[in-house]
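The values are calculated or read from the model by the stated rules, or taken from the named source; none is laboratory data. For clarity, every value in this text was computed on a predicted model and none was experimentally measured. Because the Cβ atoms are built from the backbone with ideal geometry, glycine has one as well, and the counts that use them run over all protein chains shown. The accessibility values were calculated without ligands, DNA or RNA, using every heavy atom of the protein model including side chains. Shrake-Rupley method; radii C 1.70, N 1.55, O 1.52, S 1.80 Å.
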Amino acid sequence: MPWSPVDFHVRYPPCRGHARSVASPPTFRYPPDLAHYVRDHWPPGHNLRLSEELLREALSAAFHASLTSEEARPSRFRLLLTPPDELPERGVPNEGVLRLVFDAPRPLTPDALRQLSPSAPFETTLIGAHVFGGELHIWGLAHSGPAWLAPTWGGRDVVPNWTYDPIVHATGPGLIAVRCAGKLVGALEQGGLADTMMDVFDSDWLPAMFAREREEVQREHDAMQARATSPTAVASSLVGRVSQHMLRRAIQLILGARHGGLILIADVPPGTRSADLAGLSLKYRFDHSEPARRYRTLALQLFGRLAAATTNPLVDWADFASDTSPDLEKLEQAIFEISRVIAALAAIDGAVVLDKRFALLGFGAEVSGDLPASLRVWRALDAEGDRRELDGVEEVGTRHRAAYRFVRQHPGGLAIVVSHDGGVSFVANRDGEVVFWEQSVSP
């Protein structure tokens, strides 16, 4: 297919991305470059069966399809490059796939991917393709279910790998990534090649913001375990990861609703009235009864359930990830209902306000325009924010400016900005400077 790099960059100029560039603009990269990179960096021990030429054709088709839409719906899809007869049939939920094979293969073209993408929701279904008669053809659909999203969307990663062939993710115009067994091999983003995505949840600074609250949970859990025959403590890392996954799910639900939202997490002592938060005006305030603090209740119940199931002196993430009991599943889903509540509250104008124990303080909040504006804002270039560059304060929307003012006034707080167009930014005050991170949301 003929290339038109100039036309592409006029329509879709390189935007801020979430990836570490392997080749920085202005040297723009395209599917042939990505195919070559994937061949050179394919995980050892796994055979990449497609030739570089065929991989280039598949990536080119996916790239061009990502620039299109079907009935005003952007073309988002996962393209599975493996033969249908090598896929494990789905015997139980979230293991294997449901193979739906066409009566005759169809040529793999951008137009075919565009037409099929609405029938293959990104979250649950893949478009299957492989080599037939020496050429790439689409053989059908593979329904995988949504559990593979758990690491990004929040939840335990309980899905076994059922293929080590390439899976191509097309998530936006010109944004394609190649994965092997869930791991990113290479991607086109920001007009360049990328081999890793920024995940603020992997940083050290974010968990450090909630260290005091994790210790509170550990003390409450220990008090509840005091009467047990063999008391079991809960690891600080487990307390943190459960709360992180609750936040991940809330962010993804807001993204899925495509209305955007602003979550403000305030550093306030227990029992502080939302009216006492300087510079915040809440249209709807919650009282301090238990339902507004339900997350803490459910988290303690979950840790208690894990402790009751072991004789070990400490429970950690491995215990949580390996426990398949229905009771634990119910508690996990109940925690994710808190995520759903937060996402729903974000649907109206204004911010959702939580404290650092994840108690709901209120919603419909406005950050006062009378608060001092940030004269400069830094964009983090790595997860820790050690590398930064100055960013334009006036070039962002009202949610971002509100977040900047909030963290400047409340240096112990955190703001999460979810844009209606799919971007997610974490904003924090680091040593008196307002810094934001562009969080990767691509699974």
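Overview of values
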{"read-out": "Amide H partners (placed H, <5 Å) of GLY186, local residues excluded", "value": "VAL178"}
{"read-out": "Added length on full extension, which subtracts the Cα-Cα distance from 0.36 nm per residue, ASP370 to ALA72", "value": "103.3 nm"}
{"read-out": "Given charges at Cβ of Lys, Arg, Asp, Glu: the chain dipole, positive-most of ILE348, PHE436, ALA170", "value": "ILE348"}
{"read-out": "Per-residue ³J(HN,Hα) for region 238-247, Karplus 6.51 cos²θ - 1.76 cosθ + 1.60, θ = phi - 60°, Hz, x for Gly and Pro", "value": "5, 4, x, 5, 5, 5, 4, 5, 4, 5"}
{"read-out": "Built amide H within the under 5 Å cut-off of TYR164, gap 5+", "value": "none"}
{"read-out": "With every protein chain in place, the chain: carbon and sulfur % of accessible area (1.4 Å)", "value": "52"}
{"read-out": "With eigenvalues of the C-alpha gyration tensor scaled by 5 and rooted, region 315-443, Å", "value": "30, 19, 14"}
{"read-out": "Trypsin sites (Lys or Arg not before Pro) lying in DSSP loop within region 223-257, provided at most 11 other Cβ fall within 10 Å", "value": "ARG227"}
{"read-out": "Taking only Cα atoms of region 335-399, radius of gyration then Dmax in Å", "value": "15.4, 39"}
{"read-out": "Solvent accessible area, Å² - TYR30, 1.4 Å probe, full protein context", "value": "30"}
{"read-out": "Amide H partners (placed H, <5 Å) of ALA351, local residues excluded", "value": "GLY364, ALA365, GLU366"}
{"read-out": "Cα convex hull of region 229-272 - mean projected area over all directions, nm²", "value": "5.4"}
{"read-out": "Degrees separating the helix 211-225 axis from the principal Cα axis of the chain, which is the longest one", "value": "70"}
{"read-out": "Value of Rg/Rh across the chain [Cα atoms, Kirkwood radius]", "value": "0.99"}
{"read-out": "Region 292-297 - phi-based ³J(HN,Hα) in whole Hz, Karplus 6.51/-1.76/1.60, Gly and Pro as x", "value": "5, 10, 4, 4, 4, 4"}
{"read-out": "Whole-number D in µm²/s for region 272-363 (Stokes-Einstein; Kirkwood sum over Cα pairs; 20 °C, 1.002 mPa s)", "value": "143"}
{"read-out": "Relative contact order computed over the chain (Cα-Cα under 8 Å; 6+ residues apart), in percent", "value": "16"}
{"read-out": "Projected area averaged over orientations for region 210-321, convex hull of C-alpha atoms, nm²", "value": "8.6"}
{"read-out": "Rounded to whole Hz, the Karplus (6.51, -1.76, 1.60) HN-Hα couplings of region 68-81, x for glycine and proline", "value": "10, 9, 10, 6, 6, 9, x, 7, 10, 6, 10, 10, 9, 9"}
{"read-out": "Principal axis dimensions, largest first and in whole angstrom, of region 181-249 by Cα", "value": "59, 28, 19"}
{"read-out": "Accessible area expressed per residue, the chain, with surrounding protein chains retained (probe 1.4 Å, Å²)", "value": "45"}
{"read-out": "With all protein chains modelled, accessible area of GLU395 [1.4 Å, Å²]", "value": "150"}
{"read-out": "Zone of THR229's modelled label, taken as backbone nitrogen in region 314-328 under 20 Å from a point 7 Å along Cα→Cβ", "value": "314-315"}
